[in-house]
Amino acid sequence: MLSDIGFVKVNETEKEPSKSKEIGVGILGYGFMGKAHTNAYKNMPIFFYPPPANPKLVAIYGRKQAKVEAAANHFGYETWYTNWMNLINNEKVELVDISLPNNMHYKTALAAAEMGKNVLCEKPLAANSKQAEEMFNAVKKAHVKNMVGFNYRFVPALRLAKKLIDQNYIGDILQYKAVYLQEWIMDPTFPLVWNLDRKIAGTGALGDLGSHIIDLARFLVGEVSSVCALTKTFVDERLLEDNSMKKGKVTVDDSFISILKFKNGAIGSTEASRFCAGRKNYQQIEIYGTEGSILFNLERLNELQYYSRKDPEDIQGFKNILVTEPVHPFIKNWWPQGHIIGWEHTFIHEIYHLFDAIINDKKVEPYGATFYDGLICNQIMDAILRSVDEGKWINM
(Lines give C-alpha, C1' and ligand atoms only; values in the text may rest on other atoms or scores of the structure.)
Protein backbone atom coordinates (compact mmCIF):
# COMPACT_ATOMS: atom_id res chain seq x y z
CA MET A 1 0.00 0.00 0.00
CA LEU A 2 1.20 3.51 -0.78
CA SER A 3 0.47 4.61 2.76
CA ASP A 4 3.47 2.70 4.11
CA ILE A 5 6.07 4.31 6.35
CA GLY A 6 8.11 7.03 4.77
CA PHE A 7 5.08 8.65 3.18
CA VAL A 8 3.87 11.85 4.80
CA LYS A 9 0.47 11.58 6.41
CA VAL A 10 -1.52 14.71 7.12
CA ASN A 11 -4.06 14.84 9.90
CA GLU A 12 -7.45 13.71 8.62
CA THR A 13 -9.26 16.20 10.84
CA GLU A 14 -8.29 19.84 10.58
CA LYS A 15 -7.45 21.33 13.93
CA GLU A 16 -6.00 24.63 14.91
CA PRO A 17 -2.27 24.31 15.61
CA SER A 18 -1.10 25.45 18.98
CA LYS A 19 -0.03 29.05 18.74
CA SER A 20 2.65 28.36 21.35
CA LYS A 21 4.45 25.95 19.04
CA GLU A 22 7.19 27.88 17.31
CA ILE A 23 10.76 27.04 16.45
CA GLY A 24 13.14 29.95 16.33
CA VAL A 25 15.34 29.74 13.24
CA GLY A 26 18.76 31.29 12.86
CA ILE A 27 20.27 30.90 9.41
CA LEU A 28 23.95 31.26 8.57
CA GLY A 29 24.18 32.51 4.99
CA TYR A 30 21.89 34.39 2.63
CA GLY A 31 23.02 33.05 -0.75
CA PHE A 32 21.65 30.27 -2.93
CA MET A 33 20.92 27.82 -0.10
CA GLY A 34 19.94 30.55 2.34
CA LYS A 35 17.24 31.63 -0.07
CA ALA A 36 16.07 28.05 -0.74
CA HIS A 37 15.84 27.25 2.98
CA THR A 38 14.11 30.53 3.85
CA ASN A 39 11.52 29.89 1.18
CA ALA A 40 10.86 26.51 2.81
CA TYR A 41 10.48 27.99 6.28
CA LYS A 42 8.00 30.56 5.03
CA ASN A 43 5.89 28.16 2.96
CA MET A 44 5.92 24.91 4.94
CA PRO A 45 3.13 25.97 7.35
CA ILE A 46 0.89 27.01 4.45
CA PHE A 47 0.89 23.62 2.75
CA PHE A 48 1.60 21.24 5.64
CA TYR A 49 -1.28 22.50 7.74
CA PRO A 50 -1.42 22.25 10.63
CA PRO A 51 2.37 22.32 10.82
CA PRO A 52 4.26 20.59 13.62
CA ALA A 53 5.37 24.10 14.58
CA ASN A 54 5.60 27.48 12.93
CA PRO A 55 9.08 28.64 11.92
CA LYS A 56 9.99 31.95 13.52
CA LEU A 57 12.64 33.74 11.47
CA VAL A 58 14.79 35.08 14.28
CA ALA A 59 18.20 35.89 12.84
CA ILE A 60 20.43 35.71 9.77
CA TYR A 61 24.22 35.90 9.49
CA GLY A 62 26.48 37.19 6.73
CA ARG A 63 29.98 38.63 6.57
CA LYS A 64 29.06 41.92 4.88
CA GLN A 65 26.81 44.25 6.87
CA ALA A 66 25.02 45.92 3.97
CA LYS A 67 24.21 42.62 2.28
CA VAL A 68 23.10 40.74 5.37
CA GLU A 69 20.96 43.66 6.52
CA ALA A 70 19.31 43.78 3.11
CA ALA A 71 18.77 40.01 3.23
CA ALA A 72 17.18 40.23 6.69
CA ASN A 73 14.74 42.86 5.45
CA HIS A 74 14.01 41.01 2.23
CA PHE A 75 13.56 37.55 3.78
CA GLY A 76 11.83 38.73 6.95
CA TYR A 77 14.32 37.87 9.71
CA GLU A 78 13.98 39.85 12.95
CA THR A 79 17.67 40.64 13.26
CA TRP A 80 21.00 40.14 11.54
CA TYR A 81 24.61 39.55 12.56
CA THR A 82 28.05 39.77 11.03
CA ASN A 83 29.38 37.53 13.81
CA TRP A 84 27.98 34.01 13.52
CA MET A 85 28.59 33.21 17.18
CA ASN A 86 26.19 35.98 18.17
CA LEU A 87 23.47 34.24 16.18
CA ILE A 88 24.15 30.90 17.89
CA ASN A 89 24.12 32.62 21.30
CA ASN A 90 20.72 34.23 20.60
CA GLU A 91 18.34 32.58 23.09
CA LYS A 92 15.46 32.76 20.63
CA VAL A 93 17.34 30.57 18.10
CA GLU A 94 16.43 26.91 18.58
CA LEU A 95 17.47 25.65 15.13
CA VAL A 96 20.75 26.69 13.53
CA ASP A 97 20.66 26.39 9.75
CA ILE A 98 24.16 26.23 8.25
CA SER A 99 23.98 27.39 4.64
CA LEU A 100 27.56 28.60 4.38
CA PRO A 101 30.57 27.58 2.25
CA ASN A 102 31.84 24.13 3.20
CA ASN A 103 34.82 25.27 5.27
CA MET A 104 32.43 27.00 7.70
CA HIS A 105 30.32 23.93 8.48
CA TYR A 106 32.67 22.39 11.03
CA LYS A 107 33.14 25.16 13.59
CA THR A 108 29.58 26.49 13.37
CA ALA A 109 28.03 23.04 13.84
CA LEU A 110 30.28 22.28 16.83
CA ALA A 111 29.35 25.60 18.42
CA ALA A 112 25.62 25.07 17.81
CA ALA A 113 25.72 21.58 19.31
CA GLU A 114 27.64 22.83 22.34
CA MET A 115 24.88 25.39 22.90
CA GLY A 116 22.24 22.66 22.69
CA LYS A 117 20.75 23.91 19.42
CA ASN A 118 19.22 21.67 16.76
CA VAL A 119 21.25 21.80 13.55
CA LEU A 120 20.50 21.64 9.83
CA CYS A 121 23.72 21.65 7.79
CA GLU A 122 24.01 21.81 4.04
CA LYS A 123 25.93 19.12 2.24
CA PRO A 124 28.64 17.97 2.20
CA LEU A 125 28.65 17.81 5.98
CA ALA A 126 32.36 18.64 6.27
CA ALA A 127 35.56 19.20 4.33
CA ASN A 128 36.73 15.69 5.28
CA SER A 129 35.66 12.68 7.29
CA LYS A 130 37.76 13.63 10.34
CA GLN A 131 35.79 16.85 10.73
CA ALA A 132 32.54 15.05 9.96
CA GLU A 133 33.20 12.51 12.72
CA GLU A 134 33.76 15.28 15.27
CA MET A 135 30.53 16.96 14.15
CA PHE A 136 28.60 13.70 14.45
CA ASN A 137 30.01 13.05 17.92
CA ALA A 138 29.13 16.60 18.98
CA VAL A 139 25.43 16.39 18.06
CA LYS A 140 25.23 12.88 19.49
CA LYS A 141 26.68 14.05 22.80
CA ALA A 142 24.37 17.08 22.88
CA HIS A 143 21.27 14.97 22.07
CA VAL A 144 20.08 17.54 19.52
CA LYS A 145 18.17 16.86 16.33
CA ASN A 146 20.45 17.06 13.32
CA MET A 147 20.02 16.82 9.58
CA VAL A 148 22.20 17.14 6.49
CA GLY A 149 20.65 18.86 3.47
CA PHE A 150 20.41 15.88 1.14
CA ASN A 151 17.13 17.23 -0.21
CA TYR A 152 16.78 14.68 -3.02
CA ARG A 153 15.64 12.16 -0.42
CA PHE A 154 12.49 14.30 -0.37
CA VAL A 155 11.65 14.16 -4.09
CA PRO A 156 8.28 12.33 -4.27
CA ALA A 157 9.41 10.20 -7.21
CA LEU A 158 12.58 9.09 -5.42
CA ARG A 159 10.60 8.34 -2.28
CA LEU A 160 8.32 6.21 -4.46
CA ALA A 161 11.43 4.51 -5.87
CA LYS A 162 12.51 3.64 -2.34
CA LYS A 163 9.09 2.17 -1.64
CA LEU A 164 9.30 -0.01 -4.75
CA ILE A 165 12.77 -1.20 -3.75
CA ASP A 166 11.90 -1.83 -0.10
CA GLN A 167 8.79 -3.82 -1.07
CA ASN A 168 10.80 -5.96 -3.52
CA TYR A 169 9.13 -4.74 -6.70
CA ILE A 170 12.44 -4.97 -8.58
CA GLY A 171 13.85 -7.94 -6.64
CA ASP A 172 17.44 -8.03 -5.49
CA ILE A 173 19.41 -5.02 -6.67
CA LEU A 174 22.18 -5.88 -9.09
CA GLN A 175 23.43 -2.50 -10.26
CA TYR A 176 23.21 1.21 -9.37
CA LYS A 177 24.22 3.82 -11.92
CA ALA A 178 24.09 7.54 -11.18
CA VAL A 179 25.38 10.65 -12.91
CA TYR A 180 25.05 14.29 -11.91
CA LEU A 181 26.17 16.60 -14.70
CA GLN A 182 26.28 20.39 -15.13
CA GLU A 183 28.07 22.85 -17.42
CA TRP A 184 28.35 26.05 -15.39
CA ILE A 185 32.15 26.43 -15.22
CA MET A 186 33.08 25.33 -18.75
CA ASP A 187 34.01 28.86 -19.84
CA PRO A 188 37.80 29.15 -19.19
CA THR A 189 37.30 32.86 -18.37
CA PHE A 190 34.93 31.97 -15.53
CA PRO A 191 36.57 33.33 -12.33
CA LEU A 192 38.15 31.44 -9.46
CA VAL A 193 35.11 31.30 -7.17
CA TRP A 194 35.27 29.68 -3.72
CA ASN A 195 33.83 26.44 -5.12
CA LEU A 196 37.14 25.92 -6.93
CA ASP A 197 39.37 26.40 -3.88
CA ARG A 198 40.06 23.21 -1.92
CA LYS A 199 40.69 25.17 1.30
CA ILE A 200 37.09 26.38 1.20
CA ALA A 201 35.16 23.77 -0.77
CA GLY A 202 37.08 20.64 0.22
CA THR A 203 36.36 19.04 -3.16
CA GLY A 204 34.91 20.08 -6.50
CA ALA A 205 32.27 18.19 -8.44
CA LEU A 206 32.76 15.31 -6.00
CA GLY A 207 31.38 17.16 -2.98
CA ASP A 208 29.15 19.60 -4.81
CA LEU A 209 27.26 17.09 -6.96
CA GLY A 210 28.69 13.67 -6.18
CA SER A 211 27.74 13.80 -2.51
CA HIS A 212 24.07 13.77 -3.53
CA ILE A 213 24.27 10.64 -5.65
CA ILE A 214 26.56 8.92 -3.13
CA ASP A 215 23.97 9.57 -0.44
CA LEU A 216 21.21 8.30 -2.74
CA ALA A 217 23.25 5.15 -3.35
CA ARG A 218 23.14 4.39 0.37
CA PHE A 219 19.52 5.53 0.74
CA LEU A 220 18.23 3.38 -2.13
CA VAL A 221 20.67 0.46 -2.39
CA GLY A 222 22.69 0.00 0.80
CA GLU A 223 26.09 0.42 2.37
CA VAL A 224 29.21 0.71 0.21
CA SER A 225 32.07 -1.73 0.87
CA SER A 226 34.79 -0.44 -1.48
CA VAL A 227 35.50 2.15 -4.18
CA CYS A 228 37.81 2.79 -7.10
CA ALA A 229 37.93 6.18 -8.80
CA LEU A 230 39.54 8.84 -10.94
CA THR A 231 39.23 12.63 -11.07
CA LYS A 232 40.12 15.28 -13.61
CA THR A 233 40.63 19.05 -13.53
CA PHE A 234 40.17 20.46 -17.04
CA VAL A 235 41.09 24.11 -16.37
CA ASP A 236 44.05 24.40 -14.01
CA GLU A 237 44.11 28.19 -13.57
CA ARG A 238 41.43 30.87 -13.54
CA LEU A 239 41.21 34.63 -13.15
CA LEU A 240 40.92 35.91 -9.60
CA GLU A 241 37.69 37.67 -8.67
CA ASP A 242 39.47 40.91 -7.68
CA ASN A 243 39.64 42.21 -11.29
CA SER A 244 43.44 42.21 -11.09
CA MET A 245 43.70 39.99 -14.21
CA LYS A 246 45.92 37.70 -12.15
CA LYS A 247 45.26 33.98 -12.11
CA GLY A 248 45.09 31.46 -9.32
CA LYS A 249 45.29 27.68 -9.28
CA VAL A 250 42.16 25.53 -9.34
CA THR A 251 42.71 23.02 -6.54
CA VAL A 252 39.62 20.81 -6.85
CA ASP A 253 38.28 18.29 -9.34
CA ASP A 254 36.12 19.36 -12.27
CA SER A 255 34.91 15.80 -12.78
CA PHE A 256 35.03 12.41 -11.07
CA ILE A 257 34.04 8.85 -11.88
CA SER A 258 33.90 6.06 -9.32
CA ILE A 259 33.03 2.38 -9.25
CA LEU A 260 31.30 1.02 -6.16
CA LYS A 261 30.90 -2.34 -4.53
CA PHE A 262 27.99 -2.67 -2.09
CA LYS A 263 27.90 -4.90 0.97
CA ASN A 264 24.75 -6.60 -0.36
CA GLY A 265 26.59 -7.77 -3.49
CA ALA A 266 25.38 -5.07 -5.88
CA ILE A 267 27.79 -3.03 -7.98
CA GLY A 268 27.50 0.57 -9.05
CA SER A 269 29.00 3.69 -10.53
CA THR A 270 28.76 7.37 -9.71
CA GLU A 271 29.89 10.20 -11.94
CA ALA A 272 29.70 13.97 -11.56
CA SER A 273 31.01 16.80 -13.67
CA ARG A 274 30.63 20.54 -14.08
CA PHE A 275 32.03 20.30 -17.63
CA CYS A 276 29.20 18.65 -19.58
CA ALA A 277 28.01 20.97 -22.35
CA GLY A 278 24.24 21.15 -22.53
CA ARG A 279 23.67 19.60 -19.11
CA LYS A 280 22.02 22.14 -16.81
CA ASN A 281 21.15 20.11 -13.73
CA TYR A 282 21.09 16.58 -15.07
CA GLN A 283 20.88 13.90 -12.42
CA GLN A 284 20.04 10.45 -13.76
CA ILE A 285 19.56 7.50 -11.40
CA GLU A 286 19.27 3.95 -12.78
CA ILE A 287 18.67 0.94 -10.54
CA TYR A 288 18.55 -2.56 -11.99
CA GLY A 289 17.24 -5.58 -10.08
CA THR A 290 16.49 -9.23 -10.69
CA GLU A 291 12.78 -8.49 -11.24
CA GLY A 292 12.76 -4.98 -12.69
CA SER A 293 14.33 -1.57 -13.07
CA ILE A 294 13.83 2.04 -11.97
CA LEU A 295 14.97 5.19 -13.79
CA PHE A 296 14.80 8.78 -12.51
CA ASN A 297 15.79 12.08 -14.14
CA LEU A 298 15.95 15.14 -11.87
CA GLU A 299 15.10 17.47 -14.74
CA ARG A 300 11.77 15.60 -14.92
CA LEU A 301 11.41 15.20 -11.18
CA ASN A 302 7.68 14.49 -11.19
CA GLU A 303 8.20 11.28 -13.15
CA LEU A 304 9.54 7.82 -12.38
CA GLN A 305 10.14 5.08 -14.96
CA TYR A 306 9.48 1.53 -13.79
CA TYR A 307 9.97 -1.78 -15.59
CA SER A 308 8.71 -5.12 -14.30
CA ARG A 309 9.80 -8.51 -15.61
CA LYS A 310 6.59 -9.91 -14.13
CA ASP A 311 4.43 -8.18 -16.72
CA PRO A 312 3.16 -10.37 -19.57
CA GLU A 313 5.87 -10.72 -22.19
CA ASP A 314 3.87 -9.06 -24.94
CA ILE A 315 3.33 -5.83 -22.96
CA GLN A 316 6.63 -5.56 -21.14
CA GLY A 317 8.29 -2.16 -21.24
CA PHE A 318 9.12 0.85 -19.11
CA LYS A 319 6.06 2.62 -17.75
CA ASN A 320 6.27 6.31 -16.96
CA ILE A 321 4.60 7.07 -13.63
CA LEU A 322 3.51 10.67 -13.12
CA VAL A 323 4.08 11.02 -9.39
CA THR A 324 1.38 13.61 -8.69
CA GLU A 325 -1.46 11.54 -7.22
CA PRO A 326 -2.72 12.23 -3.68
CA VAL A 327 -1.56 8.73 -2.67
CA HIS A 328 2.02 9.57 -3.66
CA PRO A 329 4.44 10.82 -0.98
CA PHE A 330 3.93 14.47 0.04
CA ILE A 331 1.54 15.20 -2.86
CA LYS A 332 -1.63 15.35 -0.75
CA ASN A 333 -0.30 18.64 0.60
CA TRP A 334 0.06 20.21 -2.84
CA TRP A 335 -2.08 20.51 -5.96
CA PRO A 336 -4.56 18.30 -7.84
CA GLN A 337 -3.15 15.39 -9.85
CA GLY A 338 -1.05 16.38 -12.82
CA HIS A 339 -0.21 19.78 -11.32
CA ILE A 340 3.51 19.28 -11.01
CA ILE A 341 5.79 20.52 -8.24
CA GLY A 342 9.36 21.75 -8.53
CA TRP A 343 12.88 21.63 -7.12
CA GLU A 344 12.18 24.12 -4.36
CA HIS A 345 9.44 21.92 -2.91
CA THR A 346 12.00 19.31 -1.82
CA PHE A 347 13.26 21.78 0.80
CA ILE A 348 9.74 22.31 2.11
CA HIS A 349 9.38 18.54 2.55
CA GLU A 350 12.77 18.49 4.26
CA ILE A 351 11.87 21.27 6.70
CA TYR A 352 8.52 19.64 7.50
CA HIS A 353 10.31 16.39 8.29
CA LEU A 354 12.84 18.11 10.56
CA PHE A 355 10.21 20.16 12.41
CA ASP A 356 8.13 17.03 12.96
CA ALA A 357 11.19 15.30 14.42
CA ILE A 358 11.99 18.22 16.72
CA ILE A 359 8.48 18.88 18.05
CA ASN A 360 7.33 15.27 18.31
CA ASP A 361 10.73 13.84 19.27
CA LYS A 362 10.83 11.53 16.27
CA LYS A 363 13.91 10.11 14.60
CA VAL A 364 15.20 12.03 11.59
CA GLU A 365 16.45 8.79 10.04
CA PRO A 366 15.99 6.70 7.96
CA TYR A 367 14.15 9.01 5.57
CA GLY A 368 16.05 12.14 6.49
CA ALA A 369 19.84 12.26 6.43
CA THR A 370 21.46 12.77 9.83
CA PHE A 371 25.03 13.77 10.63
CA TYR A 372 25.78 10.05 10.68
CA ASP A 373 24.74 9.84 7.02
CA GLY A 374 26.83 12.93 6.33
CA LEU A 375 29.80 11.26 8.02
CA ILE A 376 29.49 8.09 5.92
CA CYS A 377 29.21 10.19 2.76
CA ASN A 378 32.37 12.07 3.73
CA GLN A 379 34.15 8.77 4.39
CA ILE A 380 33.19 7.50 0.94
CA MET A 381 34.38 10.74 -0.68
CA ASP A 382 37.67 10.52 1.21
CA ALA A 383 38.04 6.93 -0.01
CA ILE A 384 37.41 8.10 -3.57
CA LEU A 385 40.18 10.70 -3.29
CA ARG A 386 42.50 8.14 -1.71
CA SER A 387 41.77 5.75 -4.56
CA VAL A 388 42.75 8.47 -7.02
CA ASP A 389 46.00 9.16 -5.16
CA GLU A 390 46.96 5.51 -4.69
CA GLY A 391 45.53 4.13 -7.92
CA LYS A 392 43.76 1.18 -6.32
CA TRP A 393 40.55 -0.09 -4.74
CA ILE A 394 39.92 1.28 -1.24
CA ASN A 395 37.90 -0.68 1.29
CA MET A 396 35.52 1.20 3.54
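The values are calculated or read from the model by the stated rules, or taken from the named source; none is laboratory data. Model, not experiment: these values are computed from the prediction. Cβ placement follows ideal geometry from the backbone for every residue including glycine, while neighbour counts extend to all protein chains displayed.
Descriptive notes on the structure:
- In region 241-251, the residues that are touching a residue at least 40 places away in the same chain (Cβ under 8 Å) and either surrounded by 14 or more Cβ atoms within 10 Å (Cβ to Cβ) or of a type in the set (Asp, Glu) (or both): GLU241, GLY248, VAL250, THR251
- Within region 172-187, the set of residues being assigned to a loop (DSSP other than H, G, I, E, B) and touching a Lys or Arg at 6+ places or on another chain (Cβ under 8 Å) comprises GLN182, GLU183, TRP184, ILE185, MET186.
- Residue that is surrounded by the most Cβ atoms within 10 Å (Cβ to Cβ), among those in region 210-229 that are closer than 20 Å to PRO156 by Cα and aliphatic (A, V, I, L, M): ILE214
So that you can scan it fast, the table gives a plain yes or no per residue for (1) hydroxyl-bearing (Ser, Thr, Tyr); (2) over 30 Å from ASN264 (Cβ atoms); (3) not assigned by TED's automatic domain parsing to the domain that holds LYS280:
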| site | (1), (2), (3) |
| --- | --- |
| ASN128 | no, no, yes |
| ASN168 | no, no, no |
| ALA178 | no, no, no |
| GLN182 | no, yes, no |
| PHE190 | no, yes, no |
| HIS212 | no, no, no |
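- Some residue of region 355-363 being under 16 Å from GLY149 (Cα atoms) and free of Cβ contacts under 8 Å to residues at least 40 places away in the same chain: yes
- Qualifying residue in region 307-321 (condition: more than 20 Å from ARG153 (Cβ to Cβ) and in contact with a Lys or Arg (Cβ under 6 Å, 6 or more places away or on another chain)): no
- ALA161 under 18 Å from LEU125 (Cβ atoms) and either outside the structural domain of GLN284 (by TED's automatic domain parsing) or part of a helix (DSSP H, G or I) (or both): no
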